[in-house]
Amino acid sequence: MIMSTNNAKQQKKSSDSRADKLKFYSIGSVVLLIGIILLVNVLFDGIFGKALTFDFSDSGQNSVSQDSINYINTLPADAKIRVVGLFDKPEQVSDTQYQYIVPLLDDYVKNSNGRISVEYINPVTHPTIITQLDPSNSHDLASKNGCYVIEYNGKIKVVSPIDCYSYDEQYLYQGMYYVIGNNTEFTFTNAMYVLTQGYSCKAYVVTGLEEEGVEYITKIMDSMSIEVAELQVSDNFVIPEDCDILVLAGPNTDITEKMYVAMTDYISNGGKMLISVNYSLKNVGENYVRLNKLTNQMNISIEPSLISENDPGYQRGGYTVDSVVTVADEFSSYSSIRLLHSTYARSIKAISNPNSGAKASPLLLTSNNASAVIVDQNGNAVAGSDVTGQFNVAMYAANEGADPAKMFVFGTLNFTADDYIGAYGLNDSNVDFFRSCIRELASSKTSNGLNIMTKSVDNYSLDKNMSTTSAATAMLVIFMIVIPVLLIALAVIVYTKRKNL
Amino acid sequence: MYAIFKREFLSYFRSPVGYVAIAIFSFLSGFIFYAQFSDGAVNIGSEVIALRSFFVVIVPIITMGLLSEDKKRGTDILYYTTPVSLFNVVVGKVLAAFTLYVVMFLNVIIHIFVTIGFGGTFGIGSFGTIVVFFFMAFMFISIGLFASAITDSQIISAIVSFIIILFTQLISQFAGYIGTAVNSIASSLGIKEGLASSMGIAIKNAVAWLDPFAKTQDFRLGIFSVSALVFLVSVGVLFLYLTFRVLEKKRWSQS
């Protein structure tokens with residue numbers, strides 16, 4: 001009896017010991033597996049994470065282009081460009097303004113061989129970052145929450161997410177302009193380029209004449225390594241001595257007498273100007289008397305008439321005021337295509353008086369079947385429509401001499417206005433033509449810069465003719481009612497038939 | 001393994017569970033598709049990524065009875081007495097639930113054809129979201145199977161898997177709270193503000209690194225990350241192993 005009790009105890013002890021060993025093995029193996037999985041993932045993420053991340057987007061919006069990579073490769077191996085986002089790194093970027101920015105910046109890091117770093121430092125939790133990046137507080141970084149700062153050798157540039165997109169400013173959707181182009185790479189690469197290469201010349205853009213907005217031409221010139229500053233209209237208007245190019249884009253009122261005197265002086269000393277006006281209901285009554293006196297010195301006249309294109313082959317959408325214009329032969333190298341886009345154009349004429357030393361040439365021309373009309377404040381033609389022929393939409397004039405005055409005058413705002421460039425993007429041929437004009441004015445002072453293109457935003461639109469309201473209703477009925485109800489009915493049938501089995 | 005897979009997969013359609021799960025998935029995917037369609041633009045990638053949010057509802061339904069039902073009926077004794085390895089049992093059941101997910105996904109395939117038929121696009125970026133969707137399905141089904149293995153009650157199993165999956169969806173938020181808490185505790189212990197803040201951020205980042213939703217969020221933008229897929233597979237394998245250990249425990253604890 002005692003022996004059998006001892007055997008049972010021994011067996012139980014042996015069994016408990018085996019169970020303990022198995023328990024130990026079981027827990028140990030789970031802990032070991034968790035450790036291995038964590039280690040493998042951390043190592044894989046750290047070593048191969050970026051290398052094994054691929055951009056499958058249709059427009060390559062998450063990858064830097066070869067142009068940017070080529071530029072980065074030209075930088076010295078020890079160059080350090082620091083990109084700092086003045087906010088916490090967003091955990092989810094989809095449907096935010098950072099959705100095209102954060103992944104692209106990661107790709108910059110991946111392709112820079114250590115030359116570019118990206119950090120996210122929130123000034124609220126790390127206030128010292130402000131003084132670290134901008135010791136002189138010249139950029140007021142404290143107010144730039146949500147922006148990126150690019151720093152190179154103590155110089156900085158601030159990039160706002162808004163700078164990274166092109167907007168169609170003619171359409172508001174849910175209180176916002178509709179995004180039509182992704183300029184993230186354009187903005188960041190050009191900002192890095194300017195920081196590392198420096199500016200080659202300086203342009204001043206005149207503001208304060210009810211102009212149509214100069215944001216995009218500022219971006220474009222900045223991307224050409226031209227430093228751009230605004231020159232406000234004032235009683236003490238003076239053109240700074242460091243002004244290499246003066247831009248007067250889309251004024252709706254005439255220049256002041258003081259400005260006329262300053263600009264005349266500027267031109268007579270070999271100044272370079274680009275002027276653009278148009279003929280819209282905002283300025284039908286404006287004859288730009290002083291501005292005309294200025295352009296007359298280069299043998300160019302801005303006419304108080306609207307160009308009406310009568311050739312259907314030149315009209316866009318059947319509109320006489322929205323047409324294509326031809327690039328004059330002399331300037332064919334300015335654009336890859338000869339037909340550009342013009343709307344509400346004012347006629348620009350050549351005059352032979354008073355400057356015999358200036359040569360004015362047509363730049364952009366209508367068809368031979370256009371007319372110039374004068375309209376009233378309501379847009380009704382009141383004179384001039386019976387004279388047809390070819391008109392100039394833009395002209396170029398240059399004085400003779402070693403460093404001559406040069407002037408471009410556009411009768412349309414389609415080359416300089418924010419609403420046009422925003423709607424058509426920075427790859428548009430008109431923008432390309434504008435760049436060529438600026439290069440001509442800056443001549444040897446500016447480098448060719450980089451040719452980073454606007455990327456298209458992924459488009460998932462359906463065919464508007466097919467995706468009607470009734471089609472949407474059909475989708476609602478089929479996918480949200482018919483299919484689920486049929487399946488629930490099947491579930492009920494199965495349950496009823498099998499509940500007693 | 002095939003016999004277990006076949007039995008489990010067909011059992012979904014011999015009870016209302018399979019039909020109800022597919023009906024819920026159809027309704028939810030149909031809602032997302034309709035919302036996009038009525039706006040005139042359909043991004044299948046966005047639809048698929050949005051559907052990840054409903055794992056928390058559907059996975060508990062289809063996994064709650066996988067092992068707990070056998071335990072309740074006592075038929076789980078067959079795992080240990082028949083010449084089928086526990087590994088095959090676990091894999092067969094996961095495959096059955098996974099195949100049900102594939103059947104559910106036919107809804108999205110129909111949406112893709114409708115989108116293309118209505119002049120929309122379906123690019124390789126959207127294909128990437130489908131790949132990651134199935135990897136996530138594998139991971140969450142493994143979690144659901146584990147929840148089913150630890151109890152003999154289908155309700156408790158569903159609740160456990162619901163809580164675990166819900167937790168994975170909220171990891172990023174929890175990470176923020178944990179980071180703030182660590183920062184506060186470190187500050188109250190007299191650690192310098194900068195160091196305390198760095199500790200908080202480090203802990204927050206470490207916890208947030210575990211978030212499968214954040215890791216796969218950018219797939220809808222066309223970004224295809226292999227390391228995210230490796231993470232999902234790893235976690236799935238871990239829970240399969242945990243399930244295996246739970247079943248194995250019964251063998252040695254009974255001895």
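The values are calculated or read from the model by the stated rules, or taken from the named source; none is laboratory data. Just so we're clear, the structure is a prediction, and the values are computed from it rather than from any experiment. Because the Cβ atoms are built from the backbone with ideal geometry, glycine has one as well, and the counts that use them run over all protein chains shown.
Kindly check whether there is at least one residue in the range A:238-257 that is surrounded by fewer than 21 Cβ atoms within 10 Å (Cβ to Cβ), in a helix (DSSP H, G or I) and modelled with pLDDT of 90 or more.
yes
Any idea which of (1) surrounded by 15 or more Cβ atoms within 10 Å (Cβ to Cβ); (2) farther than 29 Å from B:F122 by Cβ is the one B:L10 doesn't satisfy?
(1)
Mind listing whichever residues of the range A:327-348 are more than 26 Å from the chain's Cα centre (by Cα) and either buried (at least 18 other Cβ atoms within 10 Å of the Cβ) or touching a residue at least 60 places away in the same chain (Cβ under 8 Å) (or both)?
Listed by number, the residues that qualify are A:A328, A:F331, A:R346, A:S347, A:I348.
From the list A:R338, A:R346, exactly one residue is charged (D, E, K, R), at pLDDT below 90 and closer than 26 Å to A:L426 by Cα. Which is it?
A:R338 is the lone residue from the list that is charged (D, E, K, R), at pLDDT below 90 and closer than 26 Å to A:L426 by Cα.
On the given criteria, is B:K250 in contact (Cβ under 8 Å) with a residue 60 or more places away in the chain and of a type in the set (K, R)?
Yes.
Go through (1) β-branched (V, I, T); (2) more than 8 Å from chain A (Cβ to nearest Cβ); (3) within 23 Å of B:L221 (Cβ to Cβ) one by one and return the number of the condition B:I124 breaks.
Going through the list (1) β-branched (V, I, T); (2) more than 8 Å from chain A (Cβ to nearest Cβ); (3) within 23 Å of B:L221 (Cβ to Cβ), B:I124 breaks only (2).
Would you point out the residue of the range A:70-111, among those that are among the hydroxyl-bearing types (S, T, Y) and under 17 Å from A:C164 (Cβ atoms), that is surrounded by the fewest Cβ atoms within 10 Å (Cβ to Cβ)?
A:T96
Under the condition of being farther than 20 Å from A:G46 by Cα, facing another protein chain (nearest Cβ under 10 Å) and in contact with an Asp or Glu (Cβ under 9 Å, 6 or more places away or on another chain), which residue from the range B:221-255 is modelled with the highest pLDDT?
Step by step, filter the range B:221-255, then rank; the result is B:G222.
Select from the range A:477-491 the residues that are under 23 Å from B:Q36 (Cα atoms) and at the interface with another protein chain (Cβ under 7 Å from one of its Cβ atoms) and list them in ascending order.
A:F479, A:M480, A:I483, A:P484
Give me the pairs: first residue in the range A:136-149 and surrounded by 14 or more Cβ atoms within 10 Å (Cβ to Cβ), second residue charged (D, E, K, R) and part of a loop (DSSP other than H, G, I, E, B), beta-carbon distance under 7 Å, and six or more apart or on different chains, which are they?
Every condition considered, the pairs that remain are A:L141/A:D134.
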